[in-house]
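Chemist: Pasting a structure here, questions to come.
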Amino acid sequence: MSPDVPALCDAGCQDPAICRMPALPVTATEKRIVLLIAILSGFLTPFDGSAVNIALPTIGSAFHMDAISLSWVATAYLLASALFLVPFGKLADIYGRKKIYLWGICVFGAASLIMTFVATEQQMIAVRVLQGIGAAMIFGTAIAILTAVFPPGERGKALGIYITSVYLGLSLGPFFGGVLTDAFGWRSIFYINVPIAITAAVLIVWKLRGEWAECVGEKFDLAGSLIYNLGLIALMVGFSVLPDISGGALVVAGLLLIGAFVWYEQRQAFPVLNMQLFFKSRIFAFSNVAALINYSATYAVAFLLSLDLQYTKGFSAEYAGVILIASPFFQMIVSPFAGKLSDKHDSQVLSSLGMGLTALGLFLFIFLNESTPLWYIIVVLIILGIGFGLFSSPNINAIMSAVDKRYYGVASGINSTMRLLGQMLSMGIAMMIFAIVIGQVEITPANYPQFTQSLHWAFVLFTVMCVAGIYFSLARGKQEGQTVVEG
């Protein structure tokens, strides 16, 4: 290291001599400020997503959207987030996590305001893409900043509190989304995001010191990012047009592009996604695979149940929202305790137990039909909430503790990408089943039997996936202290 920068690159870079970002000492007060900012942003994006899910039948009626187009209101947001998350995670490592984080909050808030003025379904989906880009900047940096600020002995607790804010957003989203939709219309949902985004942005500018940029001077891998994005787009568009032959061709093309991306990244000096993180740590690799499977098997549950409760059960958006609170509410309760336990005990058992409970809940939903009693739905949602709460924060703690400081941004981006890819895959499966069983028609009483059949097949597939996830959660092995991958 150059003598004029002593101790300024304690986190390390590919070329430490070019790094000039000081690692500022963090006081207890600053830790609390960082956690508060993370909580606000952690609440913001899931609140929006879960509130929009509740409003989908109302939005569908307003724009006369069929089942697949309605799915794209949720999927466009997820796709944009997944496309940009890994690139923004790397850009944050190069140019500063605070900078990217702040831009993410601003873009998300601005897109939410614009959403209140859209007049067509095409405009709505386009602005949802813009929201997804803002969310990618937030997702790719929030966990990385928390991990950089909190040492291993405190990290699980901090991550657990952060994840609690995520679940609080998920919990309040269906309820307030339903209340706002019934009382003021679906556009009112997006107004809520604006003051929260403004508050978070002010706190970032006013109170957050430092940039946490440990790879200043590295080149950004634009070609790798483009290959990655094209692969994801092909996969999701392909899912939406199955069983048409063009859909199958796009899915195959997407898989080939993802394979090409993996091959290309291993040959780059400064890859946008360091594949060695997967190859050098079984804990890192298998924990991320387990996360991918878990989200793939669970994300579409709220979407499907929102439609089921409002279409076949005839509930209002507000009442459906109250019912759907059950799962994220129990996630919110369990997650901080699970995160704290993962600081002292190996995450393997906690995460695997959570995955097992999630698989049980999904299995019980296979038997859902028009005459299923409400108490049954609520009990199963509680099982899913406890399962996911036990799985999530210990799993994230294992992932982030398995890498060196300089990879926190990328590791955070990878973890968030696994979540978003899983959510996209979950919605892709739902869209594929709708396309095969119902077709591109608006959901009406005449096709409720086909809709119920779609739910059955979705939950069968999700259960099988989650059972496979138990294997990966167990097979990653025990975490002895902090297993660090240095790339």
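Chemist: Classify segment 219-261: rounded, prolate or oblate, from the alpha-carbon gyration tensor (a ≥ b ≥ c, eigenvalue square roots; a/c under 1.5 rounded; otherwise prolate if a/b is larger than b/c)?
Modeler: Values: a/c = 4.80, a/b = 2.72, b/c = 1.76.
Prolate.
Chemist: Let me know the shape class of segment 32-91, please: from the alpha-carbon gyration tensor, a ≥ b ≥ c as square roots of the eigenvalues, rounded when a/c is under 1.5, otherwise prolate if a/b is greater than b/c, or oblate. It would help to have the intermediate numbers written out before the result.
Modeler: Values: a/c = 5.33, a/b = 1.71, b/c = 3.12.
Oblate is the answer for segment 32-91, as a/c is 1.5 or above yet b/c matches or exceeds a/b.
Chemist: In whole percent, what relative contact order does segment 222-267 give with Cα contacts below 8 Å and a gap of six or more residues?
Modeler: 44 percent.
Chemist: What's the exposure ranking of Lys313, Lys90, going from fewest to most Cβ atoms within 10 Å?
Modeler: Lys313, Lys90
Chemist: Please identify the chymotrypsin sites (Phe, Trp or Tyr not before Pro) of segment 256-295 that satisfy two criteria: DSSP loop assignment and at most 10 other Cβ atoms within 10 Å. Which are they?
Modeler: Qualifying residues, ordered by number: none.
Chemist: Using a 7 Å offset from the Cα along the Cα-to-Cβ direction at both Val464 and Gln276, what is the distance between the two label points in nm, to one decimal?
Modeler: Result: 3.9 nm between the two label points.
Here, each number is a calculation from the coordinates, and none is a lab measurement. Note that this is a predicted model, so its numbers are computed, not measured. Counting neighbours? That spans all protein chains shown, and the Cβs are built from the backbone with ideal geometry, glycine included.
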